1. With a cut-off of 8 Å between alpha carbons and a minimum separation of six or more residues, what is the relative contact order of chain A in percent?
2. Could you list, in their original order, any pairs among A:Lys69/B:Lys162; B:Lys162/B:Lys245; B:Lys334/B:Lys369; B:Lys182/B:Lys469 whose Cα atoms are separated by more than 23 Å?
3. What does the average come to when, for each residue of peptide B:17-25, you count the partner chain Cβ atoms lying within 10 Å of its Cβ?
4. Given H placed on each backbone N at 1.01 Å, which residues far from B:Leu458 in sequence or on other chains put an amide H within less than 5 Å of it?
5. Over segment B:119-176, consider all pairs of different Cα atoms and compute the Kirkwood hydrodynamic radius from their mean reciprocal separation; express it in Å, one decimal.
6. Please report Rg over Rh for segment B:393-451, where both radii come from the alpha carbon positions and Rh follows the Kirkwood definition.
7. Enumerate the calculated ³J(HN,Hα) couplings along segment A:155-165 in order (Karplus 6.51 cos²θ - 1.76 cosθ + 1.60, θ = phi - 60°), each rounded to whole Hz, writing x wherever the residue is Gly or Pro.
8. Counting only residues 5 or more places away or on other chains, whose amide H sits under 5 Å from the amide H of B:Arg168 once H atoms are built in the peptide plane?
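Coordinate-derived values only; no laboratory data. Since the structure is predicted, the reported quantities are computational estimates derived from the model, not experimental observations. No Cβ is skipped: glycine too gets one built from the backbone with ideal geometry, and neighbour counts run over all protein chains shown.
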Amino acid sequence: MEKFVQLSAKACPLPFSNLNTDQILPARYLKWPRSKGLGTVLFQDLRFDADGNQKKDFPLNQLLWQSAKILVAGRNFGGGSSREAAVYALYDYGFRCVIAPSFGDIFAQNAVKNGLVTAVVSDADVADMAAAVSSNPERPVTIDLDRRTIVCGDRTYAFEIDPVSRNQLLNGWDDVDLTESYRDQIVRFSIEHRARQPWAVPARAGTQVS
Amino acid sequence: MSEPQTLVDKLWSTHEVVRRDDGTSLLWVDRHYVHEGSFHAFSQMKARGRTVAEPGLTFGVADHYVPTRGRDHAIANPEIAAMVRNLEANTTESHIALFGLRDPRQGIVHVVGPEQGLTLPGLLIVCGDSHTSTHGAFGAYAFGIGASEVAHVLMTQTLWQKRPKRMRISVDGTATVGVGAKDIALAIIAHVGADGAQGHAIEFGGSTIRTLSMEGRMTLCNMSIEAGGRCGMVAPDATTFGYLKGRPYAPEGDAYDRATEAWSALASDAEARFDREITLDGNVIAPIVTWGTTPDDALPIDARVPDPSREGDPVRAKYLRDALDYMAIAPGKKLTEIPIDRVFIGSCTNSRIEDLRAAAAILAGRVSKVPGLVSPGSSSVKRQAEGEGLDRIFRDAGLEWADSGCSMCVGINGDLVPSGERCASTTNRNFRGRQGPGARTHLMSPAMVAAAAVSGHLADVRPLLAGRKP
Ligand code: SF4
């Protein structure tokens, strides 16, 4: 996973709450392999009408914001399903950080695993930043993950992020490698667990019928 | 005496392999369900040259992409066919048992797991699907995970998690006739908000919950995620043990007796403390429908939709305007005056035998004014319903009786609500475009969907129950 330490980039405001995973990546694209790149269909039904024309009033369709790497969004961003492909779509489009008052739990976990920062600030701060970037879209916003700050316009905001997630993003840690270092404990646990809770093992072996 | 513990704490500590200094725990996974959508995770695993650590604890189910009509023929859409085939190939290669398209036990993963006795009290259960919370109905710790986490579980049978906060939602009292688990779930979601339980594991309790059947508890726990909670659970009791007895993968004989003894200890201690407590009066919950584009846009059927011009908060007013606009509903309109174009009865929320019975009780001897689809939660539920003659009732009412799968809940198998149409649905998400681009969804119970079908508009089920057994 790519490390994330600091980023200065354009930020696009998306002043809607409850932008759930169905809006971020509509279900019909879930069968696309990652190699195809999911950025092209990010926010598909919000960005385009049924005929494939750009919706003028969707902020991401403004030329200035098409190269944004930061999103400034409303409450409960990424609520809904567990589809990690919603994170792939944001990442493949070029986003590296989403700023919002709150995030769906599973979305936030998926984001960390893919190097996308979820920065939590208050509703008022989101409104502030959205106004600032709207009036001055060219001016970059700076995210400092180590110091947990966002510099936007002439103000500096503190943001929150789960400390474990922050560490993981800063170091580009890989979960699987980390888990490997606990292999002995896992083996021991699984033996003891089976003895303690024999009923936890399925009463019969599975059969394969396709 | 040790510190009193909640059910969440008990389940957590019995699955904790190690805890890091930063408070993150490595948890052991007892059951892992995979479906067609898990292909990203299998790819990640293969890219690392790894194999499945515990194939015996992993079970595959074909549900998200399977056709619900014409199963005797090959799947016409090549991309969809590839998804189903891909799951078959991945599970075969990894020696994972699969309830595939042609298996008589096939169905929606959250229906099949419990039905087969794979879901048991005290287990830690994960699946790459947010509605994995369903399995918490058995007193299991069950939650949805993303593809990277699915890959991690495949490779290690463990998962890194941070302990959530604990929330107890108690509902006490006697639910009135015509009010069921779905109404209770929607009432809770309307009360706490679509993100109200974020960061929390929910335990449901109280006398109203205790009297729910396992089907009802599954509906309730299923919807935990729509309140933002990653998991919801109900402490196991005689209802739970009775449901599990004789299920194919459940313990048998002496093993069953020993298991029920262990499971009986799975309850929050009397003095246990929760980070949040919420109490609802079960006596006053009415049949509920959603009017907007998130599940907390839910109101009793006799209410009117909100009027943005009467909303003081400008942000909220804008939200209301946008939602009503998408749903094509005039501000302040009475819910019962909203006409519908079609109905759908199905999904992991409401497609079990009890749900089908509740809908059929309203539809018997009546005709639906709109077209609709009924997709049972599993092939077993389908056979059982046919044995009880429910399929006839649905067909005679003019609804289509189909095979089992996720179907019109998410539409990725091709069962879509056409753009601009309004669907009364037993599913769990009324997000914009959830049932298809431009589709408008109203969530409600199976009985309320049946009432809407025979009325042609959103309707109160209660008058239609007169003289019938609900
Ligand atoms: S029925 Fe719907 S909510 Fe349930 S698992 Fe399938 S797609 Fe998800």
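1. Relative contact order comes out at 25 percent.
2. Cα-Cα > 23 Å for A:Lys69/B:Lys162; B:Lys162/B:Lys245; rest within.
3. 4
4. Those qualifying (amide H under 5 Å, at least 5 residues apart or on another chain) are B:Ile338, B:Ile340.
5. After inverting the mean inverse Cα-Cα distance, the result is 13.0 Å.
6. Result for segment B:393-451 is an Rg/Rh of 0.96.
7. 10, 10, 10, 8, 10, 10, 8, 3, x, 5, 4
8. B:Glu203, B:Arg276, B:Glu277, B:Ile278
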